[in-house]
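The block underneath contains the structure these notes are about, expressed in structure tokens.
The values are calculated or read from the model by the stated rules, or taken from the named source; none is laboratory data. In this text, all values refer to a predicted model and were calculated from it rather than measured experimentally. Here the Cβ positions follow ideal geometry from the backbone for every residue, glycine too, while neighbour counts run over all protein chains shown.
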């Protein structure tokens, strides 16, 4: 249906019987206010062939001469092509702040967390949480810093301990005297309940280390030689029992 505005004068001039000037001008340039078409204009005529669509959807060609509306597209979602004969569709997921979009050679992409063994190439720097090295690791070894990267340190044995090194990588070595703090502490002294070090010597020739782990003077008396000219050669207790025989070269 069309809405047409005609000149508001007679078609013929009543005085001359000729076509009126207003109609002559209108016929040169007809004034059509609007046209209402009652049927959909098809694609081959420049239309869409549709009289309605889906709110939030988009148009797509489902054939060379047919168009259709897609489903409503979710806000902020990625739109995927549907292929021949279908309209575009939303991905179906917005992902999260901790996931990334992974491609798929045989289907739709998807959001998932980064997989370090499959998604990352190159060497990850220490500043990004990596080691800055691609050196292969061996079991039972320590990890140390060489100043620029984290590398594998040496392996030890059951008879060696790890020694610090202020100019290089720590090394496993045997324990030496310099490793021990031999002070007046008695923490590691031998006792009747545990193995340990000999207690610090008392600088007293009359004392000996007894079975309790302490320096003590033996009880008893010195027995001299018959003529009394030689040093004592053994010690007896009060009952005459021999308890010590000194070594005489």
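Conditions tested, residue by residue: (1) under 31 Å from the mean Cα position of the chain (by Cα); (2) crowded, with 16+ Cβ neighbours inside 10 Å; (3) without any contact (Cβ under 8 Å) to a residue 24 or more places away in the chain.
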{"position": "66", "(1), (2), (3)": "no, no, yes"}
{"position": "79", "(1), (2), (3)": "yes, no, yes"}
{"position": "88", "(1), (2), (3)": "no, yes, no"}
{"position": "94", "(1), (2), (3)": "yes, no, yes"}
{"position": "97", "(1), (2), (3)": "yes, no, yes"}
{"position": "101", "(1), (2), (3)": "yes, no, yes"}
{"position": "104", "(1), (2), (3)": "yes, no, yes"}
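Given the criterion modelled with pLDDT under 85 and surrounded by 13 or more Cβ atoms within 10 Å (Cβ to Cβ), identify the matching residue among 136, 178, 141, 214.
Unique residue meeting the criteria: 141.
Just to be sure before I move on: is residue 86 over 30 Å from residue 5 (Cα atoms), in contact with a strand residue (DSSP E or B) (Cβ under 8 Å, 6 or more places away or on another chain), part of a loop (DSSP other than H, G, I, E, B) and at pLDDT below 90 in the structure I sent?
Here the answer is no, as residue 86 does not meet what is asked.
Please enumerate the residues belonging to the stretch 119-133 that are in contact with a strand residue (DSSP E or B) (Cβ under 9 Å, 6 or more places away or on another chain) and either loosely packed, with under 12 Cβ neighbours inside 10 Å or in contact (Cβ under 8 Å) with a residue 24 or more places away in the chain (or both). Outline the logic, then answer.
Here is the first cut: in the stretch 119-133, the residues in contact with a strand residue (DSSP E or B) (Cβ under 9 Å, 6 or more places away or on another chain) are 119, 126, 130-133.
Selection gives 119, 126.
Limited to the stretch 66-77, what total is found for residues that are touching a strand residue (DSSP E or B) at 6+ places or on another chain (Cβ under 7 Å) and either over 24 Å from residue 41 (Cβ atoms) or in a loop (DSSP other than H, G, I, E, B) (or both)?
Looking only at the stretch 66-77, we keep the residues that are touching a strand residue (DSSP E or B) at 6+ places or on another chain (Cβ under 7 Å), and these are 67-71, 73-74, 77.
Still in the running and either over 24 Å from residue 41 (Cβ atoms) or in a loop (DSSP other than H, G, I, E, B) (or both): 70-71, 73-74, 77.
Result for the stretch 66-77: 5.
Which residue is surrounded by the fewest Cβ atoms within 10 Å (Cβ to Cβ), if the candidates are limited to the stretch 161-173 and must be part of a loop (DSSP other than H, G, I, E, B) and in contact with a strand residue (DSSP E or B) (Cβ under 8 Å, 6 or more places away or on another chain)?
Applying the filter and picking the extreme gives 165.
Just one of 44, 54 is more than 30 Å from residue 12 (Cβ to Cβ) and either in a loop (DSSP other than H, G, I, E, B) or in contact with a helix residue (DSSP H, G or I) (Cβ under 7 Å, 6 or more places away or on another chain) (or both); which is it?
Only one candidate passes the filter, namely 54.
How many residues are assigned to a loop (DSSP other than H, G, I, E, B), surrounded by 13 or more Cβ atoms within 10 Å (Cβ to Cβ) and under 60 Å from the mean Cα position of the chain (by Cα) if we restrict to the stretch 196-211?
Residues meeting the conditions: 3.
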